[in-house]
Amino acid sequence: MIKVCSACGQLEEHKSWKSYTCNKCLDAGLKYCPSCEEVHSIDNFHKNGHTIRSFCKKCEIKRSKESKKASGYADRPEVKAKRLEDSRLCKRAKYAFDEDYRLKEISRSHNRRCTVKQRGVFTSAEWHKALVDFGESCAYCGSKQGLSQDHVVPISKGGMNNATNIVPACSSCNSSKSDHDMLTWYIVQSFYSDARLQRIVFYLKEVMPSVPYRSV
């Protein structure tokens, strides 16, 4: 079929009326992506057998993530657990075979331990109290799996390593929050709960009257 090619702008032969790229451009190794409206090398497109997909790899990944998030698939506990496990295995393999990565991780871990020691002490009794106060569950999403200590104000941003700044968090929330501002991160999460946020604020005010977060 002859029509205007979206890649070269010329009136050329196409494989079908659905095609955006003419046969000449495809033979030259170029293809137009209707999603980002850019021309890429054919290597930047996934294939179904011998058929090249319509969207480039970057747009395919973006569409897939948006679809999984919209459907709620990405927020399913078993999916989160699998994603965390894959990430853990990937980092473990990289640590074993990438010398530069291993040295950076050793240095980062050492620096963090030194910083944590300088920012206070969090006792096992205080950790037990925090767990009891939050019902043995994550302060953010309510999960009871893989609980760990989360610094509400990250250590890297001046947070203290004591009861005034630590709440229980599942591995998924702890990893996702990372060094982000707690309030900014939490209110955009699909599992956000105003009641849980109020509980965090109330708890921190119990252990220290002046905390850096306000109720919303």
### Query
Within a Cβ distance under 12 Å of His180, other residues only, what is the Lys/Arg minus Asp/Glu net charge?
-1
### Query
Based on Cβ point charges of +1 for Lys and Arg and -1 for Asp and Glu, what charge dipole magnitude is obtained for the chain about its Cα centre, in debye rounded to the nearest 20?
180 debye
### Query
Using the count of nearby Cβ atoms within 10 Å as a rough guide to exposure, how do Trp185, Trp17 rank from fewest to most?
Trp17, Trp185
### Task
With log10 I(q)/I(0) by the Debye sum over Cα atoms at q = 0.07, 0.14 Å⁻¹ defined as stated, name the option among (i) -0.39, -0.94; (ii) -0.27, -0.98; (iii) -0.18, -0.78 computed from the structure displayed.
(i)
### Message
Test of understanding: ordering Val152, Val132, Val201 by Cβ neighbours within 10 Å, fewest first, what list do you get?
### Response
Val132, Val201, Val152
### Message
Within 10 Å of each candidate Cβ there may be at most 16 other Cβ atoms; applying that plus a DSSP loop requirement, which GluC sites (Glu not before Pro) in the stretch 70-178 survive?
### Response
Glu136
### Query
Where Lys and Arg each count +1 and Asp and Glu each count -1, what net charge lies around Lys68 among other residues with Cβ under 14 Å from its Cβ?
+4
### Residue exposure sequence - Arg83, Arg119, Arg92 - by fewest surrounding Cβ within 10 Å
Arg92, Arg83, Arg119
### Message
If each residue of separation counts as 0.36 nm, what is the full-extension length gain between Lys58 and His128 once their alpha-carbon separation is subtracted?
### Response
20.7 nm
### Task
Considering the options Gly49, Thr21, Gly9, tell which one lies farthest towards the positive end of the dipole of the stretch 2-65, charges being +1 on Lys and Arg and -1 on Asp and Glu at the Cβ, about the Cα centre.
Gly49
### Sites matching trypsin sites (Lys or Arg not before Pro) across the stretch 1-81 that sit in DSSP coil, with at most 12 neighbouring C-beta atoms within 10 Å
Lys15, Lys18
### Message
7 Å from Cα along Cα→Cβ at both Asp86 and Glu136: what's the point-to-point distance in nm?
### Response
3.2 nm
### Query
In the chain, what % of DSSP beta bridges are antiparallel (nearest 5)?
100 percent
### Query
In terms of modelled amide H atoms, which long-range or inter-chain residues lie less than 5 Å from the amide H of Ile166?
Val152
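The numbers here are math on the coordinates, done by the rules we state, and not lab data. Note that the structure is a prediction, hence the values are computed from the model and not measured. Quick reminder, even Gly has a Cβ in these numbers, built from the backbone with ideal geometry, and neighbours come from all protein chains shown.
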